[in-house]
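The values are calculated or read from the model by the stated rules, or taken from the named source; none is laboratory data. Quick caveat: nothing in here was measured; it's all calculated off a predicted structure. Virtual Cβ from ideal backbone geometry, glycine too; neighbours counted across all protein chains shown.
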Amino acid sequence: MGAPGVAAQGAGTTVTLEITNIRNADGVVRACMTADEDRFPRCQGSANGYSAVVPAGEATTLRFRNVAPGTYAIALLHDENDNGRADRALGMMPREGFGFSRDARVRMGPPRFDEAAIEVGTTSTRQTIRMRYML
């Protein structure tokens, strides 16, 4: 991985994320972008994925560089205590902020891949993602 907020993998284009509504500068923002429907929204172990972790106070803009053309979905987590996971209240409700490409809605869990999917071509792409907080 290159500079903060930048993930590189092969040759391709740049996907820029504008992140809004971050409630504080505590912890980090974890971002992942994957073309693997089965790995969304966590992206762990995805060969077709990109990820970045940046201090929350610096997370207004993130860039994934050298992205191959394809269909991707993006997930963000404001990991306020930087423990590497999404903390929950009462076992279900997220305590920390989250966001998805296309501002995909959260119902009784994260959105499906197709609800958050974006097309990445051969020219740079921008996505604005609003952090949401349940508590």
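Brief remarks on what is shown
- Taking the criterion of being closer than 22 Å to ARG39 by Cβ and small (Gly, Ala, Ser), the residues of segment 60-92 that qualify are ALA68, GLY70, ALA73, ALA75, GLY84, ALA86.
- Residues of segment 94-117 classified as charged (D, E, K, R), at negative phi and surrounded by fewer than 19 Cβ atoms within 10 Å (Cβ to Cβ), total: 6
- Qualifying positions in segment 79-94 - closer than 21 Å to GLU58 by Cα and of a type in the set (Lys, Arg): ARG85
- Pick from segment 48-99, criterion under 20 Å from GLY121 (Cβ atoms) and hydrophobic (A, V, I, L, M, F, W, C), ranking: farthest from the chain's Cα centre (by Cα): ALA68
- Where a residue in segment 60-77 is in contact (Cβ under 8 Å) with a residue 60 or more places away in the chain and its partner, wherever it lies, is of a type outside the set (Ser, Thr, Tyr) and in a strand (DSSP E or B), with Cβ under 8 Å and at least six apart: ARG65/VAL6; ARG65/ALA7; ARG65/ALA8
- Among the residues of segment 72-93, those identified as assigned to a strand (DSSP E or B) and either at pLDDT below 90 or loosely packed, with under 14 Cβ neighbours inside 10 Å (or both) are ARG88, ALA89, MET93.
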